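Structure record follows, encoded as structure tokens.
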Amino acid sequence: METDLQSIIAEAEARLPALDSMAQFEQFKATLVGPNGSFTAVTKTIGKLPPAERPLAGKLINQYKTRLQALFDAAQERLQAEAEAARLGPPVDVTLPSPDRPAGTAHLITQVREEICSILRKIGFVVADGPEVETEYFCFDALNTPKDHPARDLHDTYYTHPETAFGNVSQKADERYLLRTHTSSVQIRTMLAQPPPVRIIAPGRCFRRDTADATHSANFHQIEALYVDKGVTVRDLKADLDFLFRSLLGADAETRFRPHYFSYTEPSFEVDFRVGHLSKVGSEWMEIMGCGMVDPAVFAEVGYDPDIWSGYAFGLGIERIAMTLYGIDDIRYLYQNDARFLRQFA
Ligand code: DAH
């Protein structure tokens, strides 16, 4: 009897893995355990044995029945898994980006920043960088800004705890940290790090304690420029700004300087521009940015000899330029991430 059972198991072990459908499985299973199956036939022989041998034979059959059932279970599980996989199709990597996803585009502020940077790169400027969390030294002191200047006031500047100001090397132990209010701090960082000549632009994020309205945002973007060499004059400043605005706005763009005060430039100017073809602006002069000739006090602070070197600096607001170029009348649109707005500039 045991040899019969062994050969049934051997047959099941050989045949089951080769089956490839549930129908085949059911068919094969019937040839073993169906009413006329070979295993069923063996179980029936128990009745013909002498009563004394029956319990042992019953035990043996039960052992083989368990083994056979395990083989059936494994085959059934495999066939069900295969059927499920076939239903789902080829495996999908759910971490891959959707093939239907529309390609993104750069945000308008990024586009305008890149355009301005690429224009200025043509006349020799390279991009410099500085941290958004600054010290009072780089943001104000080294830029010759008096201690009692209103910009330093808590109402205008976000101060932060020194421990949250990563990557800053404080000049003085008791110095306060802040979110930079302008990119002019990069002028100082650059000049302290390298000897003249210098020709850098520093695009970046700035922060002021402004309540958001159509023209104010607590977070905005600037591009700073600093050019230091022998014999740099206001004429270079005017010519380079004309080049910038004509490249940006068209050949009919004009700029004019109005005297102003910035602590780090002397003389200092505010720049207005106008462009005939921009209907929103028309022939009106529009104030757009600040600039001037680097103040000798700033040169003295960074160890440049003001008798040898001269330079100009300017800083412009990227939002302001973007709004002017595209006729956007509320700065808040630029930060709301509303795709209906952003797509217009895609
Ligand atoms: N830092 C000024 C501001 O945020 C802009 C500015 C004015 C930058 C004159 C300059 C400059 O480099 O020379 O309003």
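Go through region 188-217 and give me each residue that's small (Gly, Ala, Ser), open to solvent by 30 Å² or more (accessible area, probe 1.4 Å) and under 25 Å from the mean Cα position of the chain (by Cα). Lay out the reasoning, then the answer.
Going residue by residue through region 188-217, those that are small (Gly, Ala, Ser) are 193, 202, 204, 212, 214, 217.
Now drop any that are not open to solvent by 30 Å² or more (accessible area, probe 1.4 Å), which leaves 193, 212, 214.
Result: ALA212, single match.
Which of the residues belonging to region 180-228 are more than 10 Å from the ligand (Cβ to nearest atom), of a type in the set (A, V, I, L, M) and either farther than 13 Å from LEU143 by Cβ or in a strand (DSSP E or B) (or both)?
Start the filter on region 180-228 by keeping residues that are more than 10 Å from the ligand (Cβ to nearest atom), which leaves 188-201, 203-205, 207, 209-219, 221, 227-228.
From what is left, the residues that are of a type in the set (A, V, I, L, M) are 188, 191-193, 198, 200-201, 212, 214, 218, 228.
Residues satisfying the conditions are ALA193, VAL198, ILE200, ILE201, ALA212, ALA214, ALA218, VAL228.
Is it true that GLY231 is surrounded by 19 or more Cβ atoms within 10 Å (Cβ to Cβ), in contact with a strand residue (DSSP E or B) (Cβ under 8 Å, 6 or more places away or on another chain) and either free of Cβ contacts under 8 Å to residues at least 40 places away in the same chain or not in a helix (DSSP H, G or I) (or both)? Write out each step before concluding.
Values: surrounded by 19 or more Cβ atoms within 10 Å (Cβ to Cβ): no; in contact with a strand residue (DSSP E or B) (Cβ under 8 Å, 6 or more places away or on another chain): yes; either free of Cβ contacts under 8 Å to residues at least 40 places away in the same chain or not in a helix (DSSP H, G or I) (or both): yes.
It is false that GLY231 is surrounded by 19 or more Cβ atoms within 10 Å (Cβ to Cβ), in contact with a strand residue (DSSP E or B) (Cβ under 8 Å, 6 or more places away or on another chain) and either free of Cβ contacts under 8 Å to residues at least 40 places away in the same chain or not in a helix (DSSP H, G or I) (or both).
Pairs please, first residue from region 304-328 and under 24 Å from GLU266 (Cβ atoms), second anywhere and away from the ligand (no atom under 16 Å from the Cβ), Cβ atoms under 6 Å, 6+ apart in sequence or on different chains.
TYR304/PRO196; TRP309/PRO196
Suppose we filter region 247-266 for residues that are surrounded by 15 or more Cβ atoms within 10 Å (Cβ to Cβ), within 12 Å of the ligand (Cβ to nearest atom) and without any contact (Cβ under 8 Å) to a residue 60 or more places away in the chain; how many remain? I'd like the intermediate steps shown before the answer.
Residues of region 247-266 surrounded by 15 or more Cβ atoms within 10 Å (Cβ to Cβ): 247-249, 253-255, 257, 260, 262-266.
Narrowing further to those that are within 12 Å of the ligand (Cβ to nearest atom): 257, 260, 262-266.
Next, from what is left, pick out any that are without any contact (Cβ under 8 Å) to a residue 60 or more places away in the chain: 257, 260, 262, 265-266.
Counting residues in region 247-266 that are surrounded by 15 or more Cβ atoms within 10 Å (Cβ to Cβ), within 12 Å of the ligand (Cβ to nearest atom) and without any contact (Cβ under 8 Å) to a residue 60 or more places away in the chain gives 5.
Out of GLY124, GLY104, report the one residue that is under 30 Å from ALA202 (Cα atoms), modelled with pLDDT of 95 or more and out of contact with any Gly (no Cβ under 7 Å at 6 or more places or on another chain).
Details: GLY104 fails: modelled with pLDDT of 95 or more.
Only one candidate qualifies: GLY124.
Of the conditions (1) within 14 Å of the ligand (Cβ to nearest atom); (2) open to solvent by less than 20 Å² (accessible area, probe 1.4 Å), ARG320 satisfies every one except a single condition; which number is it?
If we test ARG320 against (1) within 14 Å of the ligand (Cβ to nearest atom); (2) open to solvent by less than 20 Å² (accessible area, probe 1.4 Å), just (2) comes out false.
Being without any contact (Cβ under 8 Å) to a residue 60 or more places away in the chain and under 16 Å from LEU71 (Cβ atoms) is the filter here, so list the residues in region 18-33 that pass it.
Correct list: ALA18, GLN24, PHE25, GLU26, GLN27, PHE28, LYS29, ALA30, THR31, LEU32, VAL33.
Evaluate region 303-316: report whether one residue or more is over 24 Å from the mean Cα position of the chain (by Cα), more than 12 Å from the ligand (Cβ to nearest atom), in the same structural domain as THR233 (by TED's automatic domain parsing) and more than 26 Å from ALA128 (Cα to Cα).
no
Can you say whether ASP129 is in a loop (DSSP other than H, G, I, E, B) and either of a type in the set (Ser, Thr, Tyr) or at pLDDT 95 or above (or both), as far as the supplied structure shows? Can you show your working first?
Details: in a loop (DSSP other than H, G, I, E, B): yes; either of a type in the set (Ser, Thr, Tyr) or at pLDDT 95 or above (or both): yes.
Yes: the conditions hold for ASP129.
Does ALA346 qualify as being touching a residue at least 60 places away in the same chain (Cβ under 8 Å) and within 14 Å of the ligand (Cβ to nearest atom)?
So ALA346 does not fit the description; no.
The values are calculated or read from the model by the stated rules, or taken from the named source; none is laboratory data. Worth saying up front: this structure is predicted, and the values here are computed from it rather than measured. Please note: Cβ atoms are built from the backbone with ideal geometry, for glycine as well, and neighbour counts cover all protein chains shown. Just so you know, the surface numbers come from the protein's heavy atoms only, side chains and all, with ligands and any DNA or RNA stripped out. Shrake-Rupley method; radii C 1.70, N 1.55, O 1.52, S 1.80 Å.
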